[in-house]
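Remarks on the structure that follows.
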Amino acid sequence: MQDLAFFPPTKARTHEVCGAGAYMFAFTLAAQLADPVIWVREGWDTRQVNPTGFLDFISPSALTICNTEDQTETLAVAEEALRSGAVSLVVLQLNKPIGLTEGRRLQLAARDGQTTGLAIIPEGMGSNAAETRWRCAPVFDPKDSTLQMWELIKNKSGTLGVWHARWDAASRRLFMVSPAGK
Amino acid sequence: MLDGMQRRVVSLWFPRLASDRVLRQRPIDGPFVLTLKQRNANRIYCLNTDAARQGLRLGMPYADARAFCPDLQSHKAKPEQDQRFLSMLRRWATRYCPWVGQEDNDGLVMDITGAAHLFGGEEAMLNDMRTRLLRAGLSVQVGCADTRGAAWALAHYAEGIAPNGAALTALKSLPVAALRIEDSMSVALQRLGLRHIGDLAQAPRAPLSRRFGPDLLLRLDQALEAQPEAITPQAEPPHYAVRLTLPDPIGLVTDVMAGAERLLVQLCKKLKMQEMGVRKLCMTLRRVDQGYQQVELRLARALRDPQRILSLFERRLAEVDAGFGIDQLRLEATQVESVPVQQICHVTDGDKNSLEDLISRLGTRVGLENIQRFLPAESHIPERSFIIAAAAYSEPSDAWIRANLRPITLFPPEPIAGSGARPPERFRWRRIPLTTGRATGPERIAPEWWLDDENWRSGLRDYWQVETTQGRRLWLFYTPQNPGWFVQGEFA
């Protein structure tokens, strides 16, 4: 039943995730990779991650937040962090679509630093340079309150797929199964 | 004391230090005073000889002084600059002997034991001091005696040299105030008829100490060498700056980096000796056309490892415009912190170091205070249950307490339509129509009355975890004292 061939996505590449469950996807990925994580966001954004909320995924001390002024700075910071290899995951929040050049530069930086990059993007604003793109949405389930639907909507080196993902806080494990009837 | 060698002390008193300092920079003819706001009035802080001749004195209100002397010129006094000037004089005075200390705010005291013969005797040495200071535009009074107290008395009340072992003869006719005692004490002594130090030395000691306490006799004994008194020489504060001047200008980045490496090695050696680490560095590159450029580097942690700092400098140095070439590099540690030596252990902290280097490097781009980390805080208020601190100036902490389930993201409360204490069946949030599938709660959180928080003016909050049939899991709250529903966060 377990289907973890697709997750975590390829190391040393940059991936994209969109949808309402993107934050959980990012933290699940952070929990799967080792410490430290750097999270690049624009300073004006009033929506912030809550350390007492993601305690079940990673320890807040492993997370470093970087506030930037605009998207250009976000990309520059992310590129530098990816290339340095000092962190295991770089999460960057984007608000505007990025061009092929920027996307490609992120890929090259990720490859040089052997670091995984994850861009949280608005729906439908993906870049062609991304290795994989995921759409994550929470699903209502009368019995469970962490259930999510993860769709792999772009994959440069493999097939697409849909899974039901559930995070078990006690064992810190991800359960990922194909939805019934698919 | 040194065997067979009598201790000799020189005291220098600069009666007009502050005004001399200002007049050295900009000479002014005629009466001149420095004023400082003291005891609620602008008063004379220091004055030159012309002004003193006109009848002005220290502590006189400036308005009165203007009335006495209409052509009076004045400046604002800057006591901290005077102190800096005095410490420069102290450094200069080490040309006579190595043991120089400061005396009050306007004097120096030097232990010249065994140094006088290098200048041709005490007389010649004192004359040399006087001439040099006079040439520099400073008025000075010099006293030389066996003890610090006697030298001070001579410098302030009767310039000259007290021969070896003849302190009492030299001080006999000086007023009692020359013993460095309080004004009230010297007035009281004069009322008793003890006007001169000679009178005091002959008076019986027991009644004196009963009446004036031990201080008076201590001062007398110190002046007459019955009690020792130390001179504290001040150590040079360590100076964390190095420079490199080149015979031919350079322009290539690799050359500048090589120069920077040499400077860093020197600087780090200095830092290591003092067990310090640098937090902020400033590199000044002087070009052949006399222009200069400065490159500043702020580090995420105090460091003294030249290789690590050098790699952080690389990006900034590459941006420098060399023009026709650079012929001087100067590197200064503008902010240092104490970094004690640490035991090297087999558990590597390489990851931590590389993360700190990354933070320094990103800090040069976005500012170090924009790189933050979360620290735990003791509060039930969701937005105050953590602190956001600059990563460079805080240590990570793992003292997190897992209370109730909390949302993964927080945002400022957004109102939704709803009434009653139970979550609404249907509501619209961000223009999305949502239906409540399951609601867990309430969890009541009361505002912290000891902190006045505008966002919590609406009173108590009942928090609900609402799972909508559309999938989204939201954190809603109801304010019973001020009925209304709000969304504040979203769960994973």
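Taking the stated definitions as given, is A:A119 closer than 18 Å to A:L33 by Cα and within 14 Å of chain B (Cβ to nearest Cβ)? It is false that A:A119 is closer than 18 Å to A:L33 by Cα and within 14 Å of chain B (Cβ to nearest Cβ). Taking residues in segment A:47-59 that are at the interface with chain B (Cβ under 7 Å from one of its Cβ atoms), and partners anywhere that are of a type outside the set (S, T, Y) and in a helix (DSSP H, G or I), the pairs with Cβ atoms closer than 6 Å and at least 6 places apart or on different chains are A:P51/A:P60; A:F54/A:F27.
Evaluate segment B:245-268: report whether one residue or more is modelled with pLDDT under 90 and either surrounded by 18 or more Cβ atoms within 10 Å (Cβ to Cβ) or of a type in the set (S, T, N, Q) (or both). Checked against the condition, which is being modelled with pLDDT under 90 and either surrounded by 18 or more Cβ atoms within 10 Å (Cβ to Cβ) or of a type in the set (S, T, N, Q) (or both), segment B:245-268 yields no hits at all. Considered as a group, the residues in segment A:60-81 that are more than 7 Å from every other protein chain (Cβ to nearest Cβ), of a type outside the set (D, E) and over 17 Å from the mean Cα position of the chain (by Cα) include one that is surrounded by the most Cβ atoms within 10 Å (Cβ to Cβ), and that residue is A:Q71. Of all the criteria given as (1) among the β-branched types (V, I, T); (2) in a strand (DSSP E or B); (3) touching a Pro at 6+ places or on another chain (Cβ under 6 Å), the one not satisfied by A:V87 is (2).
Among the criteria (1) assigned to a helix (DSSP H, G or I); (2) among the small types (G, A, S); (3) touching a residue at least 40 places away in the same chain (Cβ under 8 Å); (4) in contact with a Phe, Trp or Tyr (Cβ under 8 Å, 6 or more places away or on another chain), the one B:A51 does not fulfil is (3). Being more than 29 Å from A:A26 (Cα to Cα), more than 14 Å from chain A (Cβ to nearest Cβ) and either outside any strand (DSSP E or B) or at pLDDT 90 or above (or both) is a description that applies to B:R422. Is it the case, given these coordinates, that A:Q114 is more than 8 Å from chain B (Cβ to nearest Cβ), among the polar types (S, T, N, Q), out of contact with any strand residue (DSSP E or B) (no Cβ under 8 Å at 6 or more places or on another chain) and surrounded by fewer than 24 Cβ atoms within 10 Å (Cβ to Cβ)? When the stated conditions are applied, A:Q114 passes them.
Taking segment A:6-23, which residues are within 14 Å of chain B (Cβ to nearest Cβ), assigned to a strand (DSSP E or B) and in contact with a Pro (Cβ under 7 Å, 6 or more places away or on another chain)?
Within segment A:6-23, none qualify.
The residues listed here are A:A137, A:A130; of these, the one that is outside any strand (DSSP E or B), under 18 Å from A:E16 (Cβ atoms), in contact (Cβ under 8 Å) with a residue 60 or more places away in the chain and in contact with a strand residue (DSSP E or B) (Cβ under 6 Å, 6 or more places away or on another chain) is A:A130.
The one condition from (1) buried (at least 17 other Cβ atoms within 10 Å of the Cβ); (2) more than 16 Å from the chain's Cα centre (by Cα) that A:V37 does not meet is (2). As for segment B:62-85, it holds no residue that is farther than 25 Å from B:N42 by Cα, hydrophobic (A, V, I, L, M, F, W, C) and surrounded by fewer than 19 Cβ atoms within 10 Å (Cβ to Cβ). Cβ-Cβ distances below 7 Å connect the following pairs, each with a first residue in segment B:470-492 that is within 20 Å of B:E425 (Cβ to Cβ) and within 12 Å of chain A (Cβ to nearest Cβ), a second residue that is part of a loop (DSSP other than H, G, I, E, B) and not hydrophobic (A, V, I, L, M, F, W, C), and a separation of six or more residues or different chains: B:R473/A:S145; B:W475/B:P407; B:E490/B:P407; B:E490/B:R472; B:F491/B:P407.
With respect to (1) at pLDDT below 90; (2) touching a Pro at 6+ places or on another chain (Cβ under 7 Å); (3) within 13 Å of chain A (Cβ to nearest Cβ), the lone exception for B:W456 is condition (3).
Test of understanding: among B:E378, B:E332, B:E383, B:E356, which residue is within 26 Å of the chain's Cα centre (by Cα) and either modelled with pLDDT of 85 or more or part of a loop (DSSP other than H, G, I, E, B) (or both)?
Exactly one residue qualifies, and that residue is B:E332.
In a residue-by-residue description of segment B:359-373, the property of being hydrophobic (A, V, I, L, M, F, W, C), under 24 Å from A:T46 (Cα atoms), in a loop (DSSP other than H, G, I, E, B) and at pLDDT below 90 applies to no position.
Conditions (1) part of a loop (DSSP other than H, G, I, E, B); (2) within 18 Å of B:A18 (Cα to Cα); (3) in contact with a His (Cβ under 9 Å, 6 or more places away or on another chain); (4) without any contact (Cβ under 8 Å) to a residue 24 or more places away in the chain, marked per residue:
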position: B:L89; (1), (2), (3), (4): no, yes, no, no
position: B:P98; (1), (2), (3), (4): yes, no, no, no
position: B:N105; (1), (2), (3), (4): yes, yes, no, no
position: B:L126; (1), (2), (3), (4): no, no, no, no
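Right, B:I408: surrounded by fewer than 17 Cβ atoms within 10 Å (Cβ to Cβ) and at the interface with another protein chain (Cβ under 10 Å from one of its Cβ atoms) or not?
Values: surrounded by fewer than 17 Cβ atoms within 10 Å (Cβ to Cβ): no; at the interface with another protein chain (Cβ under 10 Å from one of its Cβ atoms): yes.
No; evaluated as a whole, the condition is false for this residue.
Just to be sure, is B:L368 touching a residue at least 40 places away in the same chain (Cβ under 8 Å), hydrophobic (A, V, I, L, M, F, W, C) and outside the structural domain of B:V466 (by TED's automatic domain parsing)? Against the criterion (touching a residue at least 40 places away in the same chain (Cβ under 8 Å), hydrophobic (A, V, I, L, M, F, W, C) and outside the structural domain of B:V466 (by TED's automatic domain parsing)), B:L368 qualifies. Looking at segment B:12-24, is at least one residue in contact with a helix residue (DSSP H, G or I) (Cβ under 6 Å, 6 or more places away or on another chain) and either at positive phi or assigned to a strand (DSSP E or B) (or both)? For segment B:12-24, residues in contact with a helix residue (DSSP H, G or I) (Cβ under 6 Å, 6 or more places away or on another chain) and either at positive phi or assigned to a strand (DSSP E or B) (or both): present. Could you please let me know if B:T232 is assigned to a strand (DSSP E or B), farther than 27 Å from B:N370 by Cβ and β-branched (V, I, T)? Answer is no for this residue.
The values are calculated or read from the model by the stated rules, or taken from the named source; none is laboratory data. Keep in mind the model is a prediction, meaning the values are calculated, not measured. Positions of Cβ are backbone-derived with ideal geometry, glycine not excepted, and every protein chain shown enters the neighbour counts.
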